[in-house]
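Note sheet for the following structure.
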Amino acid sequence: MESALEAVAERLRGAARVTALTGAGVSAASGVPTFRGDGGLWRTYRASELATPEAFERDPALVWEWYDWRRQTIAACEPNPAHRVLARWSERPGFTLITQNVDGLHERAGSRDVLRFHGSIWHVRCRDGCAASPASWRDDTVPYPALPPPCPYCGGIIRPDVVWFGETIDPDVFARCSEATLCDVFLAVGTSAVVFPAAGLVHEAKRRGALTVEINVEDTPASPHLDAVLQGKVEDVLVELDARLRT
Ligand code: NAD
């Protein structure tokens, strides 16, 4: 681990372009539950049963209860040292931060221009895309007084502006993420690497010549294909890497 850490630090020092892709593991130390691993269940439901357009069609109140609970949980959480290191690195020219997280903690830690691959739990939109409403708007109401919350523009209902399983990624965001795979070092941080197309980015980076590095507490399906695996808690490993970059 020691020599792997130093080798990655060395490559980061000399890198002109660095891209980091983060997943739910980055927010675990802040107290935001991940989808997989310990604490991955809400009541008896798996995320994959609730984060779908079909589930919302069937029972919008149930899906909103889950989102309302997640919003309350996240509102009470603070960014952790991993978010803060990435916020510092985002000031470096050539650094791109892509996140699968919808919690907004990177932005709260000070990261700017975050590419939000799966949207934001703090943004909503009219379920029916009514003509009077904006495409998406920020709504910090926690908790909502009634579920599902009404659309203030047409009286229908709103939905979280997140990308559910089976939905497509915003093409502009996807193009910018794909562009960012052309880099010297690509870090896959705290992600189970099973949710595609996000999980494909690290492989695209490798094909394009980047040093690919995974930081996770456990192996993932991507691990055997990457150049370096730093096993440990992201909040510890990133702080250690950051310390080495400053010396
Ligand atoms: P995931 O829940 O599938 O996997 C989490 C990964 O983080 C696992 O591989 C686990 O081993 C690792 N991990 C847990 N704690 C860690 C730590 N302290 N340090 C390092 N690694 C740690 O999450 P995912 O890969 O992001 O994909 C699932 C989808 O879930 C994403 O699309 C995302 O939108 C959504 N999600 C978001 C949040 C959030 O916004 N915080 C939370 C849960 C799920």
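Could you tell me whether any residue of the range 57-71 is in contact with a Gly (Cβ under 8 Å, 6 or more places away or on another chain) and surrounded by fewer than 18 Cβ atoms within 10 Å (Cβ to Cβ)? Walk me through it before giving the result.
Initially, the range 57-71 is screened for residues in contact with a Gly (Cβ under 8 Å, 6 or more places away or on another chain), giving none.
No, the conditions are met nowhere in the range 57-71.
Looking at Cys77 and the list (1) within 26 Å of Leu147 (Cα to Cα); (2) within 15 Å of the chain's Cα centre (by Cα), which single condition is not satisfied?
(2)
Determine, yes or no, whether Val8 is touching a strand residue (DSSP E or B) at 6+ places or on another chain (Cβ under 6 Å) and not acidic (Asp, Glu).
Values: touching a strand residue (DSSP E or B) at 6+ places or on another chain (Cβ under 6 Å): yes; not acidic (Asp, Glu): yes.
Against the criterion (touching a strand residue (DSSP E or B) at 6+ places or on another chain (Cβ under 6 Å) and not acidic (Asp, Glu)), Val8 qualifies.
Could you grab me the full set of residues in the range 209-232 that are touching a strand residue (DSSP E or B) at 6+ places or on another chain (Cβ under 9 Å) and more than 18 Å from Ala82 (Cβ to Cβ)?
Of the residues in the range 209-232, the ones touching a strand residue (DSSP E or B) at 6+ places or on another chain (Cβ under 9 Å) are 210-220, 222-223, 225-232.
Result: Ala210, Leu211, Thr212, Asp219, Ala222, Ser223, His225, Leu226, Asp227.
Identify the single condition in (1) free of Cβ contacts under 8 Å to residues at least 40 places away in the same chain; (2) surrounded by fewer than 14 Cβ atoms within 10 Å (Cβ to Cβ); (3) within 16 Å of the ligand (Cβ to nearest atom) that Gly166 does not satisfy, given that it satisfies every other one.
Evaluating Gly166 over (1) free of Cβ contacts under 8 Å to residues at least 40 places away in the same chain; (2) surrounded by fewer than 14 Cβ atoms within 10 Å (Cβ to Cβ); (3) within 16 Å of the ligand (Cβ to nearest atom) leaves (1) as the failure.
Considering every residue within the range 11-32, establish whether at least one is among the charged types (D, E, K, R), within 13 Å of the ligand (Cβ to nearest atom) and either in contact with a strand residue (DSSP E or B) (Cβ under 6 Å, 6 or more places away or on another chain) or modelled with pLDDT under 95 (or both).
Taking the range 11-32 and keeping what is among the charged types (D, E, K, R), we get 11, 13, 17.
With within 13 Å of the ligand (Cβ to nearest atom) added as a condition, the list becomes none.
Within the range 11-32, none of the residues are among the charged types (D, E, K, R), within 13 Å of the ligand (Cβ to nearest atom) and either in contact with a strand residue (DSSP E or B) (Cβ under 6 Å, 6 or more places away or on another chain) or modelled with pLDDT under 95 (or both).
Determine whether Asp38 is near the ligand (Cβ under 9 Å from one of its atoms), free of Cβ contacts under 8 Å to residues at least 40 places away in the same chain and charged (D, E, K, R). Working first, answer last.
Details: near the ligand (Cβ under 9 Å from one of its atoms): yes; free of Cβ contacts under 8 Å to residues at least 40 places away in the same chain: yes; charged (D, E, K, R): yes.
So Asp38 fits the description; yes.
List, please: which pairs have Cβ atoms under 6 Å, are six or more places apart or on different chains, and start with a residue in the range 42-62 that is under 24 Å from Asp128 (Cβ atoms) and end with one that is at pLDDT 90 or above and in a helix (DSSP H, G or I)?
Pairs that qualify, where the first residue is under 24 Å from Asp128 (Cβ atoms) and the partner is at pLDDT 90 or above and in a helix (DSSP H, G or I), are Leu50/Val63; Leu50/Trp66; Ala55/Val63; Phe56/Val63.
Would you kindly identify the strands (runs of 3 or more DSSP E) lying entirely within the range 169-238 that contain at least 1 residues that are surrounded by fewer than 21 Cβ atoms within 10 Å (Cβ to Cβ) and within 15 Å of the ligand (Cβ to nearest atom)? Don't jump to the end; show me each part of the working.
Details: elements: 185-189, 211-216, 228-231.
The qualifying strands (runs of 3 or more DSSP E) are 228-231.
Pick from Ala20, Ala4, Ala9, Ala16: which is under 28 Å from Thr212 (Cα atoms), of a type outside the set (Lys, Arg) and assigned to a strand (DSSP E or B)?
Numbers: Ala4 fails: assigned to a strand (DSSP E or B); Ala9 fails: assigned to a strand (DSSP E or B); Ala16 fails: assigned to a strand (DSSP E or B).
Just a single option satisfies the conditions, and that option is Ala20.
Within the range 145-163, which residues are surrounded by fewer than 18 Cβ atoms within 10 Å (Cβ to Cβ), assigned to a loop (DSSP other than H, G, I, E, B) and either under 22 Å from the mean Cα position of the chain (by Cα) or not hydrophobic (A, V, I, L, M, F, W, C) (or both)?
Matches in the range 145-163: Pro145, Pro152, Tyr153, Gly155, Gly156.
The values are calculated or read from the model by the stated rules, or taken from the named source; none is laboratory data. Because the structure is a prediction, the values reported are computed rather than measured. Cβ sites come from the backbone with ideal geometry, for glycine too, and all protein chains shown count toward neighbours.
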